[in-house]
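Peer 1: Below is a structure I'd like to ask you about.
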Amino acid sequence: LVRDKPVSGILRAHTPANLDTIPFPDYEPFGVKDMLDNHSMDTRLYRYSRPNPRPFNIVASRSCPFNCSFFVHQHRSIPYRDRSIDNIMAEIKYFYEKYEFNILIILDELFAVSNKRMLDFCNAVMAGKEKYHWDFDWMFQTHASAKLTLPVLKLAKKAGCFFFSYGLESASEKVLKSMNKKIQ
């Protein structure tokens, strides 16, 4: 089920296993349009690819599939869940039409946890750009375990990706082992 209208309300402490059933956020109470129109030029956090950036954030998954010792969800009381690419595209379409952003920031630390997910996302973005005339660049974060390949990264660039970052907790094997990090 893809919902195309946001719903106001308090976020429930427990969310369903299928994140696609959750309505899109309602940003109106926060004055997002005013922020995009008048206050989005701050480049202290990111270097944007556009001279007049209108950055917009989405979240495409929750929790984490790994078992790091410091992670709050370590014992799997809240399992990793990701949204479908179709649902992510529906959210992008809805908010692009509403706010006319030109930079998309995917906030998930593990958005590109696999080459397949990244390929599917890139192909969907390119299809959306063709079909809906989207004009935005995008960025994402990932984990060193993602092992993204050069062809996947080239496709991401073609789809409008201008920046990505890897989370590296330590270069010390001893520290990584103590955190139960399985980075290779």
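The values are calculated or read from the model by the stated rules, or taken from the named source; none is laboratory data. Keep in mind that this is a model prediction, so the values were computed, not measured. We work out accessible area using only protein heavy atoms, side chains counted, and drop any ligands, DNA or RNA first. Shrake-Rupley method; radii C 1.70, N 1.55, O 1.52, S 1.80 Å.
Peer 1: So what J values fall out for the range 84-91 if you push phi through Karplus, 6.51 cos²θ - 1.76 cosθ + 1.60 with θ = phi - 60°, rounded to Hz, Gly and Pro as x?
Peer 2: Rounded to whole hertz, the list is 5, 4, 4, 5, 4, 5, 4, 5.
Peer 1: Let me ask you something else. Expected output is a single nm value to one decimal: the length gained when fully extending between Asp37 and Ser49, i.e. 0.36 nm times separation in residues minus the C-alpha distance. What is it?
Peer 2: Numbers: separation 12, 0.36 × 12 = 4.32 nm, distance 1.71 nm.
So the chain would gain 2.6 nm between Asp37 and Ser49.
Peer 1: Return the inverse of the average 1/r over all pairs of distinct C-alpha atoms in the range 89-143, which is the Kirkwood hydrodynamic radius, in Å to one decimal.
Peer 2: 11.7 Å
Peer 1: While we're on this one: Expected output is a single nm value to one decimal: the length gained when fully extending between Lys177 and Lys154, i.e. 0.36 nm times separation in residues minus the C-alpha distance. What is it?
Peer 2: Stretched fully, the Lys177-Lys154 segment lengthens by 5.1 nm.
Peer 1: Round to a whole number: what % of the accessible area of the range 72-155 belongs to carbon and sulfur, probe 1.4 Å?
Peer 2: Values: 2120 of 3890 Å².
C and S fraction of accessible area: 55 percent.
Peer 1: Run down the aspartates and glutamates and flag those whose C-alpha is under 15 Å from the C-alpha of Lys129, throwing out any fewer than 8 positions away in its chain.
Peer 2: Partners within reach: Asp86, Glu91, Glu97, Glu100, Asp120, Asp137.
Peer 1: If you don't mind, there's one more thing I want to ask. Which of the pairs Lys131/Lys154; Lys157/Lys177; Lys154/Lys177; Lys33/Lys93; Lys33/Lys158; Lys116/Lys154 have their Cα atoms more than 23 Å apart in this structure?
Peer 2: Those over the limit are Lys157/Lys177; Lys154/Lys177; Lys33/Lys158.
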